[in-house]
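First the structure, in the form of structure tokens, and then the observations on it.
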Ligand code: BG6
């Protein structure tokens, strides 16, 4: 990939995000534009190198030139890998700029007052805390993982395990894991990680804004690289868009950057908090084709889903809204969707909970997964240059007795 730059102004700071190899040619190509943008911007600047793979001496010259364009303002350089930091330090430029390694704290420059703050979250991963008039949400850049969602004045809607890992290379147990580019075990190679690889990799901050209705939009992204090509040999760009407004809207945008079509499965694997799983029901799936993964039998489902033992079911040919009715917490959670023709309902119950190291033995009582999927025969094909968007829309309402 050739080096390029894009510009965002998510808060008061100008964020210049560099991608690919910033070598002699590409650095010179963008040098003037960066200089002019930095000089014209009234506030501080962040150079984000988390999408860059290499920086040359021409890139260092670009930094010095930009630094000369500012007085009374500062430039912070974030997302460097250790060898890039060494280059800055060796040349003495490390002393001029405020440098921070990948996952850098200087991401706080990207805060939007009254809406979004970037903090160090669990596992020290950069984490976006969204809080606005509609509600609050927490999104880790590790896995682009929505960990919490709470509409204003209500209890938390998403469930998170007390035993979850928050560690590099491990996925978070709870919230909304992003499963992609395969759902469940990898069909070509069962040794590859379950539910794909994006849920335990670090994503990058792309942009954020206040929506016209006064909500908050956050977009994280990840592009293919040498490591992802080893696991899945296709060039892609994925973005996770999170909007906290009247509801929580989470969309996975998958773009094909290859010169041939690719196919994938995936899911927005939402974990919901419930008062008592034995009293909880899930409706909206009656009449749909159902694959019971525990018995490997197919049937046409009839009535609400109720829980009295381990449950692991894939519902097919459905675009309907699922409703979780929870008489203990006295609320109804609606899970609507777009770009999906399959839904999964999962609760591990006793034995499986005990087998899972990152899941408390008794925690199954208080959770249920209702997942918005592209699973089993709901396979997505994306042509070169085209995009698929998988969206889940989550809202909750109080059950008024009567
Ligand atoms: C569900 C699957 O989507 O995810 C289950 O249907 C699986 O079979 C569950 O056990 C959890 O998967 P993981 O990989 O997060 O433990």
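Do the conditions hold for residue 385, that is, is it part of a loop (DSSP other than H, G, I, E, B), in contact with a strand residue (DSSP E or B) (Cβ under 9 Å, 6 or more places away or on another chain) and over 23 Å from residue 187 (Cα atoms)?
In short, yes.
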For residue 134, indicate whether it is under 31 Å from the mean Cα position of the chain (by Cα) and farther than 25 Å from residue 247 by Cα. no
Those residues that are closer than 24 Å to residue 321 by Cα, over 20 Å from the mean Cα position of the chain (by Cα) and part of a loop (DSSP other than H, G, I, E, B), I need them from the stretch 331-367; list them, please. 341, 348
Qualifying position, being within 13 Å of the ligand (Cβ to nearest atom), part of a loop (DSSP other than H, G, I, E, B) and modelled with pLDDT of 95 or more, among 371, 376: 376
Taking the condition closer than 16 Å to residue 369 by Cβ, touching a strand residue (DSSP E or B) at 6+ places or on another chain (Cβ under 7 Å) and surrounded by 21 or more Cβ atoms within 10 Å (Cβ to Cβ), does residue 220 pass? no
Could you grab me the full set of residues in the stretch 167-185 that are more than 11 Å from the ligand (Cβ to nearest atom), buried (at least 19 other Cβ atoms within 10 Å of the Cβ) and not in a strand (DSSP E or B)? 175, 181, 182
Top-ranked residue of the stretch 311-327 - restricted to ones that are assigned to a loop (DSSP other than H, G, I, E, B) and away from the ligand (no atom under 16 Å from the Cβ), ranked as farthest from residue 375 (Cα to Cα): 327
Search the stretch 337-356 for residues that are farther than 18 Å from residue 306 by Cα and pair each with any residue that is more than 12 Å from the ligand (Cβ to nearest atom) and part of a helix (DSSP H, G or I) when their beta-carbon atoms are under 7 Å apart and the residues are at least 6 apart or on different chains. 353/363
Identify, please: which residue in the stretch 28-58 is within 30 Å of the chain's Cα centre (by Cα) and part of a helix (DSSP H, G or I) and is, among those, nearest to residue 97 (Cα to Cα)? 38
Is it true that residue 381 is under 22 Å from residue 237 (Cβ atoms), in contact (Cβ under 8 Å) with a residue 40 or more places away in the chain and loosely packed, with under 15 Cβ neighbours inside 10 Å? yes
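Applying the selection to the stretch 349-368, what residues are exposed (fewer than 14 other Cβ atoms within 10 Å of the Cβ) and within 13 Å of the ligand (Cβ to nearest atom)?
Of everything in the stretch 349-368, those that are exposed (fewer than 14 other Cβ atoms within 10 Å of the Cβ) and within 13 Å of the ligand (Cβ to nearest atom) turn out to be 351, 355, 357.
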Go through (1) over 16 Å from residue 367 (Cβ atoms); (2) exposed (fewer than 15 other Cβ atoms within 10 Å of the Cβ); (3) in contact (Cβ under 8 Å) with a residue 40 or more places away in the chain; (4) over 26 Å from the mean Cα position of the chain (by Cα) for residue 285 and report which single condition fails. (2)
Please work out which residue is nearest to the ligand (Cβ to nearest atom), limiting yourself to the stretch 140-166 and to residues that are part of a loop (DSSP other than H, G, I, E, B) and under 14 Å from the mean Cα position of the chain (by Cα). 143
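The values are calculated or read from the model by the stated rules, or taken from the named source; none is laboratory data. The shown structure was predicted, so the numbers you read here are calculated from the model rather than taken from an experiment. Heads up, the Cβs are rebuilt from the backbone with ideal geometry, glycines too, and the neighbour counts pull from every protein chain shown.
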